[in-house]
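Each remark here refers to the structure printed beneath this line.
The values are calculated or read from the model by the stated rules, or taken from the named source; none is laboratory data. Predicted, not measured: the structure shown is a model, and the values here were computed from it. Here the Cβ positions follow ideal geometry from the backbone for every residue, glycine too, while neighbour counts run over all protein chains shown. Ligands, DNA and RNA are excluded from the accessible area calculation, which covers all protein heavy atoms including side chains. Shrake-Rupley method; radii C 1.70, N 1.55, O 1.52, S 1.80 Å.
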Amino acid sequence: MVNERQFGRQLALLRREAGCTQDEFAGRLHVSPQAVSKWENGHSLPETALLPELARLLGVSIDALFNPGDLLIH
């Protein structure tokens with residue numbers, strides 16, 4: 001089972017590390033900034049079809065999005 005809150009914290013961290021605002025990130029994914037906010041606050045998860053693009057934009061694997069222990073952020 002996916003922990004939405006943990007996923008959201010991980011997503012927010014990675015997005016900030018990438019130097020991207022929620023608005024910019026939303027634009028790149030063709031979703032609303034509100035959707036990104038909901039993901040980051042643990043209220044929902046992105047559609048499965050968005051995961052490859054989301055991971056590509058953040059420079060991580062899809063697995064790393066869901067397993068924060070796998071990441072080393074410099």
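If the condition is being open to solvent by 50 Å² or more (accessible area, probe 1.4 Å), at pLDDT 95 or above and assigned to a helix (DSSP H, G or I), then region 17-32 contributes Gln22, Asp23, Glu24, Arg28. For region 1-16, residues that are open to solvent by 50 Å² or more (accessible area, probe 1.4 Å), touching a residue at least 12 places away in the same chain (Cβ under 8 Å) and assigned to a helix (DSSP H, G or I) total 5.
Counting only residues that are in contact with a helix residue (DSSP H, G or I) (Cβ under 7 Å, 6 or more places away or on another chain), among the β-branched types (Val, Ile, Thr) and in a helix (DSSP H, G or I), which one in region 33-69 is farthest from Val2 (Cα to Cα)? In this case the residue turns out to be Val36.
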